[in-house]
Amino acid sequence: MLTTFNITQRGESHISSGTECQDYSASVVTKLRNKQPLSISVIADGVGNCQCSQYGAEIAVKTTIGYIKKRLERAYRKGEASMTALIRSSFDMALKRIHACADSMEIPFPLFDTTLTIVVYDGDRAWYGHIGDSGFVALFKNGEYALITQRHKGEEANSVFPLPCKSKWDFGMVDNVVSFVLMTDGVLDFCVGNEKLENRVFFPFLKPALAEAITRKALCFARQDWSDFFAGRDNREKSFRNVVIDDISFVVVQNVEAVKSLAPIYFDLAAWNRRTQEFLVEQRRVLNRDYEKWKNNQETPPDVAAPNQGGARA
């Protein structure tokens, strides 16, 4: 049995500025003719400085969900390569639909830029397509867990490669998957380190979503619990919304029976904290080294004369 829910919330940064939520998400479970259930989960995060990116995100999600659902039966029967090709085709279709919307509104296409992450899951295998800085974290039957996708970040601060950047599109498949979550960057960066931090997943945060069985009876409660937490309505001492002010999208998908069969997963918090301190020490060392290098290579500004070189006055 597959269970799923998705949450999208407007961030405090957008509430205070009076701007729209630029995230969009959806997750559905469908059955093939042979009763095989599959989930289709999609998240998109409109690029912040693009005025119509909320439309781009919504179009991308709705287009890919509908496109994949209509063609899933045939692609699944034909095998893994066809599943990957189907997801790739849905990316192309999303681009076409966004282009058509931009043309009809007579607005430049780049103003609709968005990220896009898709996962199609049959209870064991998960096929994915990805572009941008959102993330797909999977839990496996052996109790291991990992960030499957990479963040497609540009060189400038807060820059990201959006859907039109076809050269960055990433497709693949992982098997032995028990459960997974999709997250836009606000949540992802909260619980998963960046590449310099080895993409480490802070499992205690995601444990209720990944390793605690969410039956259909418990589905509404689980969704509400996560929704309250993200919105800062759970009366915790340190509200999530005091830390993350961006829009957020969060999708959970489980093979419930497989989750129930998991052995207990041990998380070594002391080792995590030690490794975190090592990262911080190394980061300070690199920053100090780079600063000293920069300082030693500075030239005297042209409008300030150096001592004893004809311009200084006693």
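Of the residues that make up the stretch 49-62, is at least one farther than 18 Å from residue 186 by Cβ and without any contact (Cβ under 8 Å) to a residue 24 or more places away in the chain? For the stretch 49-62, residues farther than 18 Å from residue 186 by Cβ and without any contact (Cβ under 8 Å) to a residue 24 or more places away in the chain: absent. Note on the stretch 170-217: among residues that are polar (S, T, N, Q) and either at pLDDT 95 or above or under 28 Å from residue 96 (Cβ atoms) (or both), the one that is most open to solvent (accessible area, probe 1.4 Å) is 176.
Scanning the stretch 103-141 for residues that are assigned to a helix (DSSP H, G or I) and farther than 28 Å from residue 155 by Cβ, we see that the one that is most open to solvent (accessible area, probe 1.4 Å) is 103.
Can you tell me how many residues in the stretch 136-165 are touching a Pro at 6+ places or on another chain (Cβ under 9 Å) and under 23 Å from residue 40 (Cβ atoms)?
3
Here the helices (runs of 4 or more DSSP H) wholly within the stretch 193-286 that include at least 2 residues being out of contact with any Pro (no Cβ under 6 Å at 6 or more places or on another chain), in contact (Cβ under 8 Å) with a residue 60 or more places away in the chain and closer than 22 Å to residue 139 by Cβ are 203-210, 216-231, 256-260.
From the list 159, 227, 167, exactly one residue is open to solvent by 10 Å² or more (accessible area, probe 1.4 Å), at pLDDT below 90 and hydroxyl-bearing (Ser, Thr, Tyr). Which is it?
On the way: 227 fails: at pLDDT below 90; 167 fails: at pLDDT below 90.
Only one candidate qualifies: 159.
The values are calculated or read from the model by the stated rules, or taken from the named source; none is laboratory data. Predicted model, so just to flag it, every value in this text is computed and none were measured. Neighbour counts run over all protein chains shown; Cβ positions are idealised from the backbone, glycine included. Side chains included, ligands, DNA and RNA excluded: accessible areas come from the protein's heavy atoms. Shrake-Rupley method; radii C 1.70, N 1.55, O 1.52, S 1.80 Å.
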